[in-house]
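Structure, as structure tokens:
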Amino acid sequence: MDEFIATFFNVEVIRAASPILLQGLWMTLLLVLVAVPLGIAGGVLLAVLSVFRHPAVRWPLIAWVDFFRAFPPLVLLVFIYAGLPFAGIEIGAFGCVAIGFFLNTSSYYGEILRAGIESIPRGQVEAARSTGLSAAQTMTWVVLPQAVRNVLPDLVSNTLEVVKLTSIASVVALPELLFQARQAQSVTYNPSPIVAAAIIYFLLLWPFVRLLSRLEHKAVARR
Amino acid sequence: MIRRRTRVAAEPVMTGPAPIVAAPIVAASGIHKHFGALHVLKGVDLAVAERELVFVIGPSGSGKSTLLRCCNRLETPSSGRIIVDGIDLLDRHTDINAVRRRIGMVFQQFNLYPHMTARGNVTLALRKVLGKGRAEADEIADAALARVGLAEKANAYPLELSGGQQQRVAIARAIALEPRVMLFDEPTSALDPELVGGVLAVMRSLREAGMTMVVVSHEMGFARAAADRVVFMDHGLVVEEGPPAQIFGAPEQERTRAFLRQLDH
Ligand SMILES: Nc1ncnc2c1ncn2[C@@H]1O[C@H](COP(=O)(O)OP(=O)(O)O)[C@@H](O)[C@H]1O
Ligand SMILES: [Mg+2]
């Protein structure tokens with residue numbers, strides 16, 4: 001038992017690793033703070049564009065969304081990281097991760113928001129337009145507020161997935177939480193930093209899981 | 001009874017529709033509308049004079065809603081001309097949003113915004129389209145809600161209101177913009193019978209205040225009492241029109257008679 005604790009919950013090791021784990025945590029949080037707003041902004045754009053039925057908008061949009069939803073995010077990230085320098089673009093690991101996350105998550109947010117927009121009865125749009133509101137004003141004040149509320153559980157759930165997904169940034173050597181934990185592990189020859197990272201991830205995400213669970217209950221109760 | 005429509009002090013010898021003195025508020029001519037292969041309007045003319053209440057009746061699918069929706073360009077006619085308050089609706093240079101705020105529309109399904117209070121429903125266009133400040137918009141909205149008898153419901157959400165109350169909020173939303181003409185598309189068809197009266201009462205008070213109105217409805221009693229002119233449509237065409245006494249009392253066309261007969265059952 002002592003050996004188990006010394007291996008997996010080695011306080012000495014964790015204490016020694018804590019500065020770099022903390023750095024990793026900040027990087028992960030920074031990544032979330034960049035990736036989530038970017039993804040949501042891109043998602044809103046994609047969802048709003050999907051209102052246009054014109055084939056010149058519709059088909060490229062479908063192709064774009066399908067492509068980035070089907071493309072494995074890890075492969076996408078490696079591809080960007082390895083490929084961009086060949087195109088003469090140097091934006092560093094963080095820039096690559098930001099682009100990769102934007103392409104991947106905005107497609108998911110976009111599909112969720114599109115479903116929300118489509119859940120709003122057409123009659124409300126017509127009523128708004130009949131009072132002289134423009135299409136953009138109608139979207140902003142009538143459709144989107146309700147659409148977001150209708151798909152809030154899905155948005156939170158997707159955000160949770162995005163936060164978890166930030167750990168793939170470790171493959172392009174971005175010093176986020178998982179990367180730092182592995183560094184610490186390889187230096188100390190002890191897996192305790194990984195365990196510590198796992199606990200941090202859990203503590204970070206658990207409140208959102210609870211929130212999600214409550215939102216889903218409410219959504220069911222509303223039906 | 002005094003004829004409300006008399007605008008000239010002259011002898012009220014009119015028996016038919018009053019002569020159109022000024023340019024009509026709504027002048028639709030030669031309206032055709034296709035939905036794909038479906039020919040829904042087949043050359044409809046409709047002129048509505050200021051302060052006139054025109055009632056449009058006809059079987060389901062005859063094109064009444066489509067005609068009404070062409071009058072604020074919720075549908076774009078395939079061909080024809082529509083002038084509303086002197087503005088050509090189909091001219092490419094027309095700012096449609098500027099025209100629409102002068103054309104109120106009331107829908108069968110009310111179409112209130114459920115995430116906003118009654119007052120919020122009314123103020124949205126006042127603020128975003130007319131650019132009024134919150135205080136002024138609230139004031140106008142409260143006055144409009146008072147006109148439809150819902151002053152005390154300003155803070156209620158649509159789901160807390162009965163269908164009749166929702167429809168009255170929808171009317172308030174339209175009249176708050178001081179439209180030149182109001183279009184009603186079966187405003188009472190979705191209501192429980194006991195709630196119809198309240199909505200019709202509001203419509204009557206609007207009419208008494210001089211609002212120009214085009215009403216698609218099956219409320220024949222209301223048509224008899226309040227309409228200046230009844231237009232009977234069938235299969236995308238105006239079959240017959242005239243004052244209510246003529247259309248309901250002595251229709252000339254067999255199709256009109258058949259429609260009215262079938263309504264009685
Ligand atoms: N957006 C649309 N697309 C296709 N067909 C339509 C559309 N709107 C109306 N129609 C068709 O046009 C015809 C006339 O409809 P409508 O104007 O709603 O008639 P009414 O209001 O007199 O019942 C109907 O056959 C209807 O199915
Ligand atoms: Mg209809």
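Give the residues of the stretch A:122-161 that are farther than 14 Å from A:VAL44 by Cβ, hydroxyl-bearing (Ser, Thr, Tyr) and facing chain B (nearest Cβ under 10 Å), sorted by residue number.
Of everything in the stretch A:122-161, those that are farther than 14 Å from A:VAL44 by Cβ, hydroxyl-bearing (Ser, Thr, Tyr) and facing chain B (nearest Cβ under 10 Å) turn out to be A:SER130, A:THR131, A:SER134, A:THR138.
How do the pairs read when you match residues in the stretch B:46-67 that are touching a residue at least 60 places away in the same chain (Cβ under 8 Å) and more than 14 Å from chain A (Cβ to nearest Cβ) with residues anywhere that are assigned to a helix (DSSP H, G or I) and away from ligand 1 (no atom under 13 Å from the Cβ), using Cβ under 6 Å and keeping only pairs 6 or more apart or on different chains?
Correct list of pairs: B:LEU53/B:ARG207; B:LEU53/B:ALA226; B:PHE55/B:ALA223.
Here are A:ALA127, A:ALA47, A:ALA115, A:ALA82: which of them is assigned to a helix (DSSP H, G or I) and more than 30 Å from A:LYS164 (Cβ to Cβ)? Full working, then the answer.
On the way: A:ALA47 fails: more than 30 Å from A:LYS164 (Cβ to Cβ); A:ALA115 fails: more than 30 Å from A:LYS164 (Cβ to Cβ); A:ALA82 fails: more than 30 Å from A:LYS164 (Cβ to Cβ).
After ruling out the rest, the residue left standing is A:ALA127.
When you go through A:VAL143, A:VAL156 one by one, which is the residue that is over 17 Å from A:PHE68 (Cβ atoms), β-branched (Val, Ile, Thr) and modelled with pLDDT of 95 or more?
Details: A:VAL156 fails: modelled with pLDDT of 95 or more.
The conditions single out A:VAL143.
Every residue in the stretch B:59-88 that is within 9 Å of ligand 2 (Cβ to nearest atom) and hydrophobic (A, V, I, L, M, F, W, C), please.
Across the stretch B:59-88, the qualifying residue is only B:LEU68.
Of the residues that sit in the stretch B:190-221 and are at pLDDT below 95 and under 14 Å from B:ILE57 (Cβ atoms), which one is nearest to ligand 2 (Cβ to nearest atom)?
B:HIS218
Condition check: under 20 Å from A:GLY42 (Cβ atoms) and in a helix (DSSP H, G or I). Does A:ALA198 satisfy that?
Working: under 20 Å from A:GLY42 (Cβ atoms): no; in a helix (DSSP H, G or I): yes.
When the stated conditions are applied, A:ALA198 does not pass them.
Any residue in the stretch B:24-45 that is surrounded by fewer than 22 Cβ atoms within 10 Å (Cβ to Cβ), part of a strand (DSSP E or B) and free of Cβ contacts under 8 Å to residues at least 40 places away in the same chain?
Checked against the condition, which is being surrounded by fewer than 22 Cβ atoms within 10 Å (Cβ to Cβ), part of a strand (DSSP E or B) and free of Cβ contacts under 8 Å to residues at least 40 places away in the same chain, the stretch B:24-45 yields at least one hit.
For the stretch A:1-10, which residues satisfy the criterion of being in contact (Cβ under 8 Å) with a residue 60 or more places away in the chain and either in a helix (DSSP H, G or I) or surrounded by fewer than 18 Cβ atoms within 10 Å (Cβ to Cβ) (or both)? Quick ask: steps written out before the conclusion?
Going residue by residue through the stretch A:1-10, those that are in contact (Cβ under 8 Å) with a residue 60 or more places away in the chain are A:7-10.
Once the filter is applied, which keeps residues that are in contact (Cβ under 8 Å) with a residue 60 or more places away in the chain and either in a helix (DSSP H, G or I) or surrounded by fewer than 18 Cβ atoms within 10 Å (Cβ to Cβ) (or both), the stretch A:1-10 yields A:THR7, A:PHE8, A:PHE9.
Given the conditions (1) touching a residue at least 12 places away in the same chain (Cβ under 8 Å); (2) of a type outside the set (Val, Ile, Thr); (3) away from ligand 1 (no atom under 16 Å from the Cβ), which single one is not true for B:ALA146?
(1)
Would you point out which residue out of B:ARG168, B:ARG207 is of a type in the set (Lys, Arg), assigned to a helix (DSSP H, G or I) and closer than 16 Å to A:ALA127 by Cβ? Break it down into steps so the answer makes sense when it comes.
Details: B:ARG207 fails: closer than 16 Å to A:ALA127 by Cβ.
The unique qualifying residue is B:ARG168.
Six or more apart or on different chains, Cβ atoms under 6 Å: show the pairs whose first residue is in the stretch B:107-119 and under 16 Å from B:ALA176 (Cα atoms) and whose second is more than 16 Å from ligand 2 (Cβ to nearest atom) and outside any helix (DSSP H, G or I).
B:THR117/B:ASN155; B:THR117/B:TYR157; B:ALA118/B:ALA154; B:ALA118/B:ALA156; B:ARG119/B:ALA154
Condition (residue is part of a helix (DSSP H, G or I), among the hydroxyl-bearing types (Ser, Thr, Tyr), at pLDDT 95 or above and over 22 Å from the mean Cα position of the chain (by Cα)) applied to the stretch A:173-194: is it met by at least one residue?
Within the stretch A:173-194, none of the residues are part of a helix (DSSP H, G or I), among the hydroxyl-bearing types (Ser, Thr, Tyr), at pLDDT 95 or above and over 22 Å from the mean Cα position of the chain (by Cα).
Inspect the stretch B:165-172 for any residue being more than 9 Å from chain A (Cβ to nearest Cβ), closer than 21 Å to A:SER134 by Cβ and out of contact with any His (no Cβ under 7 Å at 6 or more places or on another chain) and give the result as yes or no.
First, pick out the residues of the stretch B:165-172 that are more than 9 Å from chain A (Cβ to nearest Cβ): B:165-169, B:171-172.
Filter again for closer than 21 Å to A:SER134 by Cβ, leaving none.
There is no residue in the stretch B:165-172 that is more than 9 Å from chain A (Cβ to nearest Cβ), closer than 21 Å to A:SER134 by Cβ and out of contact with any His (no Cβ under 7 Å at 6 or more places or on another chain).
Restricting to the stretch B:185-198, count the residues that are away from chain A (no Cβ under 12 Å) and within 16 Å of ligand 1 (Cβ to nearest atom).
Applying the first criterion (away from chain A (no Cβ under 12 Å)) to the stretch B:185-198 yields B:186-189, B:191-198.
Cutting the leftovers down to within 16 Å of ligand 1 (Cβ to nearest atom) gives us B:186-189.
The qualifying residues number 4.
Exactly one condition in (1) closer than 30 Å to A:LEU155 by Cβ; (2) touching a residue at least 12 places away in the same chain (Cβ under 8 Å); (3) of a type in the set (A, V, I, L, M) is false for A:LEU29; which is it?
For A:LEU29, the exception is condition (2).
Checking the conditions here, which among B:VAL215, B:VAL239 is within 16 Å of ligand 1 (Cβ to nearest atom), surrounded by 20 or more Cβ atoms within 10 Å (Cβ to Cβ) and not in a helix (DSSP H, G or I)?
After applying the criteria, what remains is B:VAL215.
Can you confirm whether the stretch B:82-92 contains a residue that is in contact with a strand residue (DSSP E or B) (Cβ under 9 Å, 6 or more places away or on another chain), within 14 Å of chain A (Cβ to nearest Cβ), within 12 Å of ligand 1 (Cβ to nearest atom) and acidic (Asp, Glu)?
no
Within the stretch B:84-97, is even one residue farther than 28 Å from B:GLY210 by Cβ and among the small types (Gly, Ala, Ser)?
No.
Name the single residue, out of those in the stretch B:116-139 being farther than 16 Å from B:GLN167 by Cα and outside any helix (DSSP H, G or I), that is farthest from the other protein chains (Cβ to nearest Cβ).
B:GLY133
The values are calculated or read from the model by the stated rules, or taken from the named source; none is laboratory data. Just so you know, these numbers come straight off a predicted model, no measurement behind them. Cβ sites come from the backbone with ideal geometry, for glycine too, and all protein chains shown count toward neighbours.
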